């Protein structure tokens, strides 16, 4: 099979994750890296034998680019998606689909008027082997009808304040993954109740929450509880539990080894959790790219879609409103 030739827009932290994933994939090759910061784009391009540019228009005009990974800043997602579709190049775009819900809904309308070019949203946690298997078991009825879903997602430390200032806030930047995971298990969400927390004095001047607890209710009555924190002393805490009348499914934190060490000082001591999303979700990024390549080359629909991105963003905005007002928001 001929490898799909990729261009990457954005050579920052998430762009580097995608570049590494593309370069390691047997059905993909990295052809072009675009970033307005010359040194950043050139460094990533040189690492993986690609060429570099600073203007995204070159990506969409390139004849040796079959598909595009969009890892640019969130305000550029909508124009970059539209440009990719207009150029006939399938796109895999990082979350969130847009900074504002109105812009995401306008994107939906515009895409409906354009040619049917695949656009996949980068909700990579759907492809995490443990989460994906848990969802498959739920769909198979292994625990009966899903009644409760608990998602715990805590970062080891907060990002730099400069990042937080342009991130769109915790619900659009961090919890957006969990909102999509909740929809992946529950289906459409009917109600959102959120509590935001200001607990870290170092982040007091950011104007953003550093912790949150959100309850989502689906139209069937099933509920999801999402627990977030920007600071977790024990490491990158990523857990999920699905509960039903016939049992429960638990996806635990992952560690580099399964060793347990017992001494006079401690019993059953274990290695720390895998360090942050680059390591914890490495398998998910690989599986996400494989799903995108398989769908594009076979002419099948991609998933998750822009519509999924819009719905996750709708929940994020509702959570922000609920956290500010203390009221439950109905969708």
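Numbers for the structure displayed
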quantity: Sole residue being closer than 26 Å to residue 236 by Cβ and free of Cβ contacts under 8 Å to residues at least 60 places away in the same chain, chosen from 300, 280; calculated: 280
quantity: Test: residue 205 is touching a strand residue (DSSP E or B) at 6+ places or on another chain (Cβ under 8 Å) and either in contact (Cβ under 8 Å) with a residue 60 or more places away in the chain or over 23 Å from residue 305 (Cβ atoms) (or both); calculated: no
quantity: Residue, nearest to residue 164 (Cα to Cα), within region 231-249, restricted to residues that are part of a loop (DSSP other than H, G, I, E, B) and modelled with pLDDT under 95; calculated: 231
quantity: Residue within region 267-280 that is exposed (fewer than 11 other Cβ atoms within 10 Å of the Cβ), over 23 Å from the mean Cα position of the chain (by Cα) and at pLDDT 75 or above present; calculated: no
quantity: Every residue from region 22-47 that is within 21 Å of residue 297 (Cβ to Cβ) and surrounded by fewer than 23 Cβ atoms within 10 Å (Cβ to Cβ); calculated: 23, 24, 25, 26, 27, 28, 29, 32
quantity: Residue 126 vs. criteria loosely packed, with under 14 Cβ neighbours inside 10 Å, under 23 Å from the mean Cα position of the chain (by Cα) and at pLDDT 95 or above; calculated: no
quantity: Wholly enclosed helices (runs of 4 or more DSSP H) of region 131-202 bearing at least 1 residues over 20 Å from residue 223 (Cα atoms); calculated: 161-165, 170-173
quantity: Any hit, region 304-313, residues being within 28 Å of residue 117 (Cβ to Cβ) and free of Cβ contacts under 8 Å to residues at least 24 places away in the same chain; calculated: no
quantity: Count of region 296-320 residues which are within 23 Å of residue 108 (Cα to Cα), over 19 Å from the mean Cα position of the chain (by Cα) and assigned to a helix (DSSP H, G or I); calculated: 1
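The values are calculated or read from the model by the stated rules, or taken from the named source; none is laboratory data. Since the model is a prediction, treat every value here as computed from it, not as a measurement. When we count neighbours, we look across all protein chains shown, and the Cβ atoms used for this are built from the backbone with ideal geometry, even at glycine.
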